[in-house]
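Just so you know, all these numbers are worked out from the coordinates, no wet-lab data involved. In this text, all values refer to a predicted model and were calculated from it rather than measured experimentally. So basically every Cβ, Gly included, is an ideal-geometry build from the backbone, and we count neighbours across all protein chains shown.
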Amino acid sequence: MKAVASALALVLMSFAISGQASPRIVTLTPHATELVFAAGAGHQIVATVSSSNYPVAAKDIERIGDGVNTSIEQVLAWSPDWVIGWPSPLMTQLETLGIQTWVSNPQSLESIGTEVLDMAQRLGDPDAAAAWHADYTARLMQLRPKAQTEMRVVLFASSDGQFVIGRHDLINETLGRCGATNPFAASAASAPLVSAESLIAVEADVMISGRPMDNIATLPQAIPLYVVDADKLYRPGPRFLDAALEICALLAKAKRQTK
């Protein structure tokens, strides 16, 4: 009861001091921070999570935990007008208390761009976001979907090789644009646990990880392994397009080398 009462008190304080022209924003994931900056509203973020490290200006923002263990009191202490983050019980709680929440979970490369434009209309600089989106769209055009898939690609979700990317619309869509497919895409889990035998059985052409692998000796040695920056690969923010373009380039290189 004390926690609820404290939260309500903070909400009332938030309403009392809100109303300024620039909304106060709290971001609970690093990808949300990057989206807000792309929308021209980065200077309005008053607090964020420990992993928000891009752009450089984000490093100067006050921290409120890691997002997973962040409490409602920590968020409300910053009197936010908007809180932006993943779908979560915390976001639901904040909405129940009357805080405006923006649940961000882009499922495609196009929706990342659209979300930046939408944020700019409500929170940021529409003109700056439009210029950003024009550049983003031009780069996205380099990834025109291919009619058929030719390569099987395993993407690791952990550096120990035990977890792979499974059901993940954004990453699997990207592979399709690169002329590839994820053999674990039909998994019920977004990051299923797999055995060394399973990795061999899927007969992958390429393996990709967001970080250097800890136990590379246990992986299939005949399959090329590439590392793509984890902050770009695992975050559905503006820089995911960088990862997508790099993946396509790596797969094209691997294909040439097998001929």
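If I model a spin label at Ser190 and Glu62 as a point 7 Å from the Cα along the Cα→Cβ vector, what separation in nanometres do I get?
Label at Ser190, label at Glu62, 2.9 nm between them.
How high is the FRET efficiency between Arg122 and Asn69 when r is their beta carbon distance and R₀ equals 25 Å, given to the nearest 0.05? Working shown, then result.
Values: r = 28 Å, r/R0 = 1.13.
It comes to 0.30.
Is the shape of the range 203-259 best called rounded, prolate or oblate, per the rule: a/c under 1.5 gives rounded, else a/b larger than b/c gives prolate, else oblate, with a ≥ b ≥ c the square roots of the Cα gyration tensor eigenvalues?
oblate
At a threshold of 8 angstrom on Cα-Cα distance, excluding pairs fewer than six apart, so keeping six or more, what relative contact order does the chain reach in percent? Don't skip to the answer; put the middle values down first.
Numbers: 444 pairs, mean separation 41.7, N = 259.
Relative contact order here is 16 percent.
Add -39500 (n - 2.57) for each DSSP H run of 4 or more in the chain, then divide by its residues: what number comes out at 222 nm, to the nearest 500 deg cm²/dmol?
Working: 10 runs with 105 residues, N = 259.
Calculated mean residue ellipticity at 222 nm is -12000 deg cm²/dmol.
If you keep only loop residues by DSSP, which trypsin sites (Lys or Arg not before Pro) in the range 111-172 have at most 14 other Cβ atoms within 10 Å of their Cβ? Spell out each step's value before the answer.
Details: sites: Arg122, Arg139, Lys146, Arg152, Arg167; in loops: Lys146, Arg167.
Taking the range 111-172 and a limit of 14 other Cβ atoms within 10 Å, the loop trypsin sites (Lys or Arg not before Pro) found are Lys146.
Taking volume of the Cα convex hull per residue in Å³ as the quantity of interest, determine which of (1) 158; (2) 137; (3) 118 was computed from the displayed structure.
Computed from the coordinates, volume of the Cα convex hull per residue in Å³ corresponds to (2).
Ranked from highest to lowest mean number of other Cβ atoms within 10 Å per residue, what is the order of the peptides 110-116, 97-103, 31-37, 185-191?
Working: 110-116: 19.6, 97-103: 17.4, 31-37: 27.7, 185-191: 13.4.
So the order, starting with the most tightly packed, is 31-37, 110-116, 97-103, 185-191.
Picking from Thr174, Thr92, Thr48, which is most flexible by a Gaussian network model of the chain using Cα springs under 10 Å?
Thr92
Run through the DSSP bridge list for the chain and note the antiparallel percent, rounded to the nearest 5.
Numbers: 2 of 22 bridges.
Percentage antiparallel, nearest 5: 10.
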